[in-house]
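A short write-up of the structure that comes next.
The values are calculated or read from the model by the stated rules, or taken from the named source; none is laboratory data. Quantities reported herein were computed from a predicted structural model and do not represent experimental measurements. All Cβ positions, even for glycine, are placed from backbone atoms using ideal geometry, and neighbour counts span all protein chains on display.
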Amino acid sequence: MVIAEDSVLLREGLTRLLTDRGHQVVAGVGDGDALVKTVVELHEAGEAPDVVVADVRMPPTHTDEGVRAAVELRARFPELGVLVLSQYVEEQYATELLAGSTRGVGYLLKDRVADVREFVDAVARVAAGGTALDPEVVAQLLGRSRRQDVLAGLTPREREVLGLMAEGRTNSAIAARLVVSGGAVEKHVSNIFLKLGLAQSDADHRRVLAVLTYLNG
C-alpha cells in the first residue's frame, strides 16, 4: 500500500501501525502530486499497490489536494482500493469517490477512528475490494441526495440493514450490531435485493448495486 500524509510523524506512525500487523507499505508521500506520481510509477514498474491511504488536506493549500488525488487515481486505476482519512465530510469528493462503484473505497473521519483494530480491518477490507464508510459520511450523503421513491418500499429494519451494508459491514457483523441471527440478516438482505429490483446475480455485485442505490437514490 501507499500512505499519503503530510505530517511526517503521523505518516510514520501509520506505517509502523500497519507493518506491525502484517501489511506492506511500499511508499509514503507528503502531497497529492507525489501520491499520483508514486502510484503511476509503481504501476509502470509492475508493482501496483492494492490500496492507498490518503489524508484529505495536503500541501500546498491544505484544503482538498489529497482527496482530489484519490479521485484521480480511482478514475485511472479502478482496481485500486482508496481509503480517505478526513476531519470533515467533503460531499462533492465523497460522491465522486463512490461514483460508478463502491468497490474498494473507504472514507473515515479521523476523530471517529477510536479503535486501532477496526482501522486496520477497514484498510484490509478496502484493499480486498470492500467498503469502509463512516456512518456520518453516509448520513450526510443521504441527507443531500436521497429520493424517497426509490427506498420507500423498505421497512425501517431493512433501511437499517442497508445502511450498515453501506458502511461496509458483512452480514455477520450486521447481525452482531443489531443483535439478531445471521439468518434474519440474510432474509433482510434478500428482501432488499427484491424490493430494489436487483435480479439474481453475483451476490457481491448485487450488494454494491444496493449500496449505490442507497447512497444515490
> Listed residues 51, 67, 56; which is closer than 17 Å to residue 105 by Cβ, out of contact with any Cys (no Cβ under 9 Å at 6 or more places or on another chain) and in contact (Cβ under 8 Å) with a residue 60 or more places away in the chain?
Replying inline: 51
> residue 82 passes all but one of (1) in contact (Cβ under 8 Å) with a residue 60 or more places away in the chain; (2) surrounded by 19 or more Cβ atoms within 10 Å (Cβ to Cβ); which number fails?
Replying inline: (1)
>> Could you tell me how many of the residues in the stretch 13-33 are in contact (Cβ under 8 Å) with a residue 24 or more places away in the chain and not in a loop (DSSP other than H, G, I, E, B)?
In response: 8
> If the Cβ limit is 9 Å and pairs must be 6+ apart or interchain, which residue in the stretch 194-210 that is assigned to a helix (DSSP H, G or I) pairs with which residue that is exposed (fewer than 12 other Cβ atoms within 10 Å of the Cβ) and at pLDDT below 75?
Replying inline: 206/199; 206/200; 209/201
> If you take the residues in the stretch 3-24 that are over 19 Å from residue 39 (Cα atoms) and charged (D, E, K, R), which one is surrounded by the most Cβ atoms within 10 Å (Cβ to Cβ)?
Replying inline: 21
